[in-house]
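Have a look at the structure below before the remarks.
The values are calculated or read from the model by the stated rules, or taken from the named source; none is laboratory data. Keep in mind that this is a model prediction, so the values were computed, not measured. Using ideal geometry, Cβ is built from the backbone for each residue, glycine included, and neighbour counts are taken over all protein chains shown. The accessibility values were calculated without ligands, DNA or RNA, using every heavy atom of the protein model including side chains. Shrake-Rupley method; radii C 1.70, N 1.55, O 1.52, S 1.80 Å.
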Amino acid sequence: MRQRLDSRTIFVAVAAVVIALAAVIAAAGLHYYATIHELVVQADAIMPTDKAEGTAIVTVTARLVAVLVGSVLLAVAAIAALLVYRNRLERRGERYVQSIYQAIGANIDTAIFIVDSKDRVVEAVFENIQDILGVPAAAFFAVDGLSANEAYAKVAAIVHSGVPGERRTWEFQCFNGALGRNMWLRITSRPVVLGGSEKIIYSLTDVTHEHDIRQKLMDTVAAAEEANRAKSNFLSAMSHDIRTPMNAILGFSALIDRDADDPETVREYNRKIATSGQHLLGLINDVLDMSKIESGKTTLAASEFRLSETVAAVEAMMRPQTSARDQVFTVEVTGVTYEALVGDEGRLRQILMNVLSNAMKYTPEGGSIRFAIDGSLKRHGALQHLRIVVADDGIGMAPEYLATIFDSFSREESSLTNKIQGTGLGMAITKNLVDLMGGTIAVESALGRGSTFTIDLDFPPAVGDAADVDVPAPEAPVDIDEALGGRHFLVAEDNDLNAEVIAAVLGIHHGTCDVAENGREAVEMFSAAPAGTYAMIFMDVQMPVMNGHEAARAIRALDRPDGRTIPIIAMTANAFAEDKREALAAGMDAHVSKPIDVAVLAKTVAALSRPESSGA
């Protein structure tokens, strides 16, 4: 708009000057014409030899010519000055428009260029074309070696191929040699008419980031769908795996009623019920453990432990199972510098049991399993490095399954494995625990040739301990009747069946109890009872009205000495290390997880018993 106004002003000024000059010339010409005509008339009346009249005519004529020449020169000068001024204004306008283009190009992610629709010549292009294609604007579509750039070549092919008389969009992937990366480009064409000529305006945008986001979303959706499929498969398998021990438990319970008069048969049924219950408990623990890991709530404990004791405990648990299957089970520990280490011994034992249990389950009867720990391979500073190898000559795994062995809910399905019970969570839990401990786990396997798991972990040694430290003798077994008998307990339990079970167990071993239905009732019963009434308190955690943690804190805060000293044992289905720490933080002295193992309960009671707490 500003340029158009300046041009009009210039043309009006030029026209005005030309008209003025024409008027001046016309007036001067008429004046001098009249003067010359008068002189000529006078000259006719006198002699031609009259020099004065001749001189007057020449003078007037000269003046006329001078006026005419001066007027022409003045007009030419005025026109030239106006043309120069107009040219300057046009160049200033072009620079202004170019600066607008440059500012737009520098602040948007789209490069725009205009092409003549007939000869395909680029008439204008934004400078930011170089940021997108790696081609400078001055060389855009120039005939040179730039066509080796795939991105540039595809854009050129689109422009030179011709487009229909309507808007169109292309989107494609290419490698940009000038920028050295793969990219996605989107180019849009729109036919327009500029100055009476048909043009095409192209807009070019780098949409690589959009495609990356889109791909990540698609991958996330695919992963979610895969996780849902895996969990659906898991639930289907879990339905079978849970129903199997449940069927045994319910079936043998019914048989007990039928054969109640045959004690030996009832005991056998009871042993099978206990075995099925332990398997069911293992399934539940795996699911809960994986849930804790996936929610990021799993933490590691740091306490001193002895590697030889851990190995001995794992071997003691595995040996009966491998012997029952007539498997050769060998254990080797070599090169360990530090016997006493600091770390989460419970999680280490869980890792070892998961891998060894897998080896035992997937190795046929008569096969062999090797469990080796080597502490000499490498060390990080003062840390004790352990390379743990579990190798078997079992059925092995297919290559495609190896890629997913550490995924949650993953189990290999084949005629050899379908009858083997499991949740498909053991290896996922193991991998997550190894990662949490800063270690690595790898597996090599082939169908029919067995599997080898290799785990690398580092543990700080206990201060001042080395491999020659004496290992303490194992604790003597606790007499359950001696630990529980003759004592009176306060049991806080909101579930009637669980309360009945603990009361019966205590009764079998000559102990007694009072039962509170929630935490508040437990606090009130303890507050109302004389000192020494209760030897100990068994406290459930999840209860209505007041939970176990709150009840323990309330008892510890009572204004009576035995409230601060009476042993309180958390007796709860919350069985994780975090739950134990929370119980201790609430003022409890120990933690026993459900289902209750009477031997563990008796051992805990014996460890916490005090002479002054024994009740009648």
Past the 29 Å Cα-Cα mark, which pairs from LYS431/LYS603; LYS361/LYS580; LYS216/LYS378; LYS378/LYS603; LYS231/LYS431; LYS231/LYS378? LYS431/LYS603; LYS361/LYS580; LYS216/LYS378; LYS378/LYS603; LYS231/LYS378
Enumerate by residue number the GluC sites (Glu not before Pro) in segment 470-559 meeting two conditions: DSSP loop (anything except H, G, I, E, B), and at most 10 other Cβ atoms within 10 Å of the site's Cβ. GLU475
Apply 1/(1 + (r/R0)^6) to the Cβ-Cβ distance of SER323 and ALA382, taking R0 = 35 Å, and write down the FRET efficiency to the nearest 0.05. 0.35
Among rounded, prolate and oblate, which fits segment 326-393 when a ≥ b ≥ c are the square roots of the eigenvalues of its C-alpha gyration tensor, a/c under 1.5 means rounded, and a/b larger than b/c means prolate? prolate
Carbon and sulfur together cover what percent of the accessible area of segment 332-400 at a 1.4 Å probe radius? 52
In whole percent, what relative contact order does segment 341-389 give with Cα contacts below 8 Å and a gap of six or more residues? 27
Full extension from ALA157 to HIS209: what is 0.36 nm times the residue separation minus their Cα-Cα distance, to one decimal in nm? 16.3 nm
Burial-style ranking of 369-377, 265-273, average other-beta-carbon count within 10 Å with highest first, yields 369-377, 265-273
